[in-house]
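**Student:** Just passing along the structure, written as C-alpha cells.
The values are calculated or read from the model by the stated rules, or taken from the named source; none is laboratory data. All values derive from a computational prediction rather than experimental measurement. Here Cβ is always computed from backbone atoms with ideal geometry, including for glycine, and neighbour counts include all displayed protein chains. We work out accessible area using only protein heavy atoms, side chains counted, and drop any ligands, DNA or RNA first. Shrake-Rupley method; radii C 1.70, N 1.55, O 1.52, S 1.80 Å.
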Amino acid sequence: TRFIDDLSLPGMLHCAILRSPHAHARVVSVDASDALSLPGVAAVVSGEDALRWTERALTVPAGWGTHCLATDRVRFAGEPVAAVAATSRALAEDALERIRVEYAPLPAVVDARQAERPESTPIFEEHGHNIVFQRVFCWGDVEGAFRDADRVVERSFRWHRLGANPMETFGVISQWDPVEGSLTCHGSFQSQSQMALGRAASLRLPSHKVRLISQPHGGSFGGKGGSRGTDISALLSRKAGGRPVKWIEDRIEYMSGGASQSWDRHYTASLALLRDGTVTGLRVRLVDDLGA
C-alpha cells in the first residue's frame, strides 16, 4: 500500500510549520529574512501571504473563523504563524529557528465555562463574546413536567477532551499549477468532497480548479481533515513557482495543532420524577468547547 509519505514527486520540497507558543497574543511582527537566506530554502509564507491569497475558513454562523496562518493575532497554542518549504524537512525545521516573531501576549481563555461569562476576554474581538452557536431544542411540555414533579434529580457530568490517534498522522503534497491557476493535492484526506469545496473557498478558486486525491491511510477517527496544512502547503507551492510541497505532520503537531482534538463537553442534567418512579421530563444544559 502506498501511503502519502511513500509518495515523492519530481522537484518536491518539504514543509515545516512555525507554531505559536501562546494561547492568545497579538502578532506584532514576523521577520523571515534570515530563514530565506539559508541555502535550500525555496519559500516562506506568513500571515501577509494568507491575507493576500486566502479567505478565512468560516464556521456557523458566518463570520467566525481564521486564515490558515495567523494574521493579526494567535488564538490558540499551536496555531500556525509561518511556514517554510525547503529541499528537506530537516532543513525546513532549521529555517524555522531563524524566523523572528514578536508577540504581545493577551489574556487567554482556556475553559468553555469561563469563556461564556460576559466578563470573559473575547477571542474574536469583533464579536464581543465567545458564544459561537446557541440554540434551544424543546419537545413537549418540559416546564410543566418539572413544575408537577414529585422529585427532581440533578447532576453535572463532563465528557473530557480527547484526541484521535491513528497510526499515521495527516500528510499532504500540494502542487500549484501557475499556468492553469489550479491546485492538485495528494493526501490522507478523510472527507474528500467537503475538503475540496473548502479549499476552493479558502484559496479563492472555482471548484473545478481543485483536485484532491486521497491516498490509502492508516486510520482517521475524525482527525484527518488537515485543512490548515493543505492550505499552507498550497501557498508554499504557489510561492515556489509550482513545485510540489509535502507536509507530513509529526505526532506533537497532530496533538497540539487542533485537528485531532474534540469534545471537552460539560453537561448539567435534570430528571423530573413522580413518586412511582415514572420519568416525566428531562432537561439538559450542554456547554461544548469548540476551541479557537
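**Student:** If I ask for residues that are in contact (Cβ under 8 Å) with a residue 60 or more places away in the chain, open to solvent by 70 Å² or more (accessible area, probe 1.4 Å) and of a type in the set (A, V, I, L, M, F, W, C), which ones from region 1-43 would you list?
**Tutor:** Scanning region 1-43 gives a single hit, Phe3.
**Student:** Next up: For region 44-58, enumerate the residues that are in a loop (DSSP other than H, G, I, E, B) and open to solvent by less than 70 Å² (accessible area, probe 1.4 Å).
**Tutor:** Residue satisfying the conditions is Thr54 alone.
**Student:** With respect to Arg161, determine if the residue is touching a residue at least 24 places away in the same chain (Cβ under 8 Å), closer than 29 Å to Thr1 by Cβ and among the charged types (D, E, K, R).
**Tutor:** Considered against the rule, which asks whether it is touching a residue at least 24 places away in the same chain (Cβ under 8 Å), closer than 29 Å to Thr1 by Cβ and among the charged types (D, E, K, R), Arg161 comes out as no.
**Student:** I'd like the full set of residues that are open to solvent by 50 Å² or more (accessible area, probe 1.4 Å) and free of Cβ contacts under 8 Å to residues at least 40 places away in the same chain, limited to region 129-139.
**Tutor:** Answer for region 129-139, where residues must be open to solvent by 50 Å² or more (accessible area, probe 1.4 Å) and free of Cβ contacts under 8 Å to residues at least 40 places away in the same chain: His129, Ile131, Gln134, Arg135, Val136, Phe137, Cys138, Trp139.
**Student:** Being open to solvent by less than 50 Å² (accessible area, probe 1.4 Å) and under 22 Å from Leu290 (Cα atoms) is the filter here; which residues of region 213-231 pass it?
**Tutor:** Passing the criteria: Ser220, Gly223, Lys224, Gly225, Gly226, Ser227, Gly229, Thr230, Asp231.
**Student:** Collect the residues in region 235-292 that are surrounded by 19 or more Cβ atoms within 10 Å (Cβ to Cβ) and more than 26 Å from the chain's Cα centre (by Cα), keeping them in residue-number order.
**Tutor:** Residues satisfying the conditions are Ala272, Gly281.
**Student:** Failed condition for Ala57, given (1) at pLDDT 95 or above; (2) within 16 Å of Ile232 (Cβ to Cβ), with all others met?
**Tutor:** (1)
**Student:** I would also like to ask the following. For Arg117, are the conditions met, namely being assigned to a loop (DSSP other than H, G, I, E, B) and without any contact (Cβ under 8 Å) to a residue 40 or more places away in the chain?
**Tutor:** In short, yes.
**Student:** Quick one: which strands (runs of 3 or more DSSP E) sit completely within region 143-211 and have at least 1 residues that are basic (Lys, Arg) and open to solvent by 60 Å² or more (accessible area, probe 1.4 Å)?
**Tutor:** 151-163
**Student:** When region 67-105 is examined, which residues are found to be in contact with a helix residue (DSSP H, G or I) (Cβ under 9 Å, 6 or more places away or on another chain), crowded, with 18+ Cβ neighbours inside 10 Å and assigned to a strand (DSSP E or B)?
**Tutor:** Scanning region 67-105 gives Pro80, Val81, Ala82, Ala83, Val84, Ala85, Ala86.
**Student:** Right, another one. Could you check, for region 101-120, whether at least one of its residues is at pLDDT 95 or above and either in contact with a Leu (Cβ under 7 Å, 6 or more places away or on another chain) or of a type in the set (Val, Ile, Thr) (or both)?
**Tutor:** For region 101-120, residues at pLDDT 95 or above and either in contact with a Leu (Cβ under 7 Å, 6 or more places away or on another chain) or of a type in the set (Val, Ile, Thr) (or both): present.
**Student:** Test each condition in (1) in a loop (DSSP other than H, G, I, E, B); (2) surrounded by 13 or more Cβ atoms within 10 Å (Cβ to Cβ); (3) not aliphatic (A, V, I, L, M) for Glu126 and report the one that comes out false.
**Tutor:** Going through the list (1) in a loop (DSSP other than H, G, I, E, B); (2) surrounded by 13 or more Cβ atoms within 10 Å (Cβ to Cβ); (3) not aliphatic (A, V, I, L, M), Glu126 breaks only (2).
**Student:** For region 24-43, name all the residues that are touching a Pro at 6+ places or on another chain (Cβ under 9 Å) and assigned to a loop (DSSP other than H, G, I, E, B).
**Tutor:** His24
**Student:** Among the residues of region 1-23 satisfying the criterion of being of a type in the set (A, V, I, L, M, F, W, C) and assigned to a loop (DSSP other than H, G, I, E, B), which is nearest to Lys224 (Cα to Cα)?
**Tutor:** Phe3
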